[in-house]
Every structure is written in structure tokens, then in C-alpha cells.
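Bear in mind these aren't lab numbers, they're just calculated from the coordinates by the rules spelled out. Every value quoted in this text rests on a predicted model; they were computed, and no experiment measured them. All Cβ positions, even for glycine, are placed from backbone atoms using ideal geometry, and neighbour counts span all protein chains on display.
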């Protein structure tokens with residue numbers, strides 16, 4: 001779809017001023033405790049290669065004089081859909097818990113901040129290239145589990161083995177299993193302000 005959109009831009013007499021293209025923090029791959037920003041090298045693997053190829057297609061629009069901003073989205077917290085909706089039922093039943101040892105980092109963003117960041121990138125002519133759409137305070141899976149269980153007033157002591165997530169979610173499980181401590185450096189440097197900086201505030205507004 002992105003390739004077709006860029007083809008239409010190439011043929012258009014009146015070209016758009018800006019193209020906002022979606023991507024994901026999965027492009028960075030496994031980085032354990034190392035903080036990751038937009039300058040971090042991209043590692044190999046299926047999801048990483050897919051994101052890179054997708055971004056390259058969007059960036060071709062720059063040859064047409066179109067400003068391109070790429071949004072690398074983390075785990076979105078919202079009231080409808082998203083990864084949180086898949087976690088709520090077991091947690092409400094008291095069957096929630098950390099994934100594996102819970103030490104992997106989870107880089108999240110509230111849906112309202114995601115939308116606000118996209119609007120920010122549209123409005124700011126100096127915004128070009130990749131931007132991490134993640135809150136400035138990522139948490140480990142253990143801390144995320146504890147905060148979610150506390151919000152739902154449930155225990156969270158049953159750990160989920162990584163092999164089970166691989167079975168249930170397939171390649172998407174890498175979003176919950178890989179450790180990515182992603183920081184929104186470029187957005188913050190441009191002056192974007194997050195409404196939901198802490199996980200507790202985001203879960204409170206959502207649940």
C-alpha cells in the first residue's frame with residue numbers, strides 16, 4: 001500500500017506537503033537494558049527487515065519534494081483494541097503474571113499521545129525522518145504486570161512461558177518477549193510534550 005501511495009505521489013500534479021508513514025519499534029530488535037533512540041543501529045530478523053523495507057518505500061517520496069516523517073510505534077494503550085485488550089481477561093480472572101522472568105523492557109504509549117504526536121509531526125515542517133512513538137518512561141514487564149494487576153485489584157503471580165506466547169501470537173509475540181527500552185528522543189528534542197508520561201497515569205485513564 002505504501003508503494004502504491006508513493007507511485008500516486010510521483011504521478012500527482014499537486015503533491016502533498018508531508019507523508020506520515022507508520023512503522024514500529026520492532027525495527028530495533030533485541031537490546032536488553034540498553035536505551036534505544038532513533039540513532040540506534042537496526043539488527044537483523046524478519047520484523048526488523050520488514051519495518052526497514054516499509055520505511056524505505058515511504059522515504060522514496062522525498063525524491064518528489066515531499067517531507068516524510070516515520071512513526072515507530074510501541075505498545076499502544078487504549079480503551080479499544082491493542083495489546084492491552086488481549087491481556088485484560090486473564091488479569092481480571094486473577095491469572096495474569098509476568099512473561100518469562102519479567103526483566104524485558106516494554107516501551108508503551110497512550111493512544112492520545114500517539115494521535116497528538118502524529119498531529120505534531122504534520123504541523124512541524126522541520127520534522128523529518130524517524131520518530132519513536134513511545135512514552136519517555138518505559139518499564140520492565142514485571143513492573144507493567146504489577147501496575148496492571150494493582151489497577152484491576154487482582155493478583156498477578158502466574159508467569160507466562162515465552163513458548164506459550166510464541167504459540168498464541170506467532171511473530172507478534174516478539175513485541176512482548178524482546179527487550180526494547182525505547183526513548184522518544186527526537187520528538188522530545190523538537191518540543192513534543194507527552195500527556196501520559198507514567199504507566200500509572202496511562203492505565204488510570206484507560207481502565
Whole-Å distance, taken between Cα centres, linking segment 173-205 and segment 37-106 = 11 Å
note = Comparing 60, 72, 128 in a Gaussian network model of the chain (Cα, 10 Å), the one with the largest mean-square fluctuation is 60
ask   = In what sequence do 198, 206 fall when counting other Cβ within 10 Å, fewest first?
value = 198, 206
request  = Sticking with the crude label model, points 7 Å out along Cα→Cβ, report the distance from residue 195 to residue 52 in nm, one decimal please.
outcome  = 3.6 nm
request  = Work out the FRET efficiency for residue 162 and residue 15 from their Cβ-Cβ distance, taking R0 = 41 Å, and round it to the nearest 0.05.
outcome  = 0.35
message = If you fit an axis through the alpha-carbon atoms of helix 46-59 and take the longest principal axis of the Cα set of the chain, what angle between them do you get, 0 to 90°, nearest 10?
response = 30 degrees
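Using the Kirkwood radius over C-alpha pairs as Rh, can you work out the diffusion coefficient of segment 106-175 via Stokes-Einstein at 20 °C, viscosity 1.002 mPa s, in µm² per second? Walk me through the numbers on the way to the answer.
Numbers: Rh = 14.9 Å.
The calculation lands on 143 µm²/s.
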remark   = So the angle from the long Cα axis of helix 111-123 to the longest Cα principal axis of the chain, reported in degrees to the nearest 10, equals 10 degrees
ask   = Cα-Cα pairs above 28 Å in segment 41-190: how many percent?
value = 26 percent
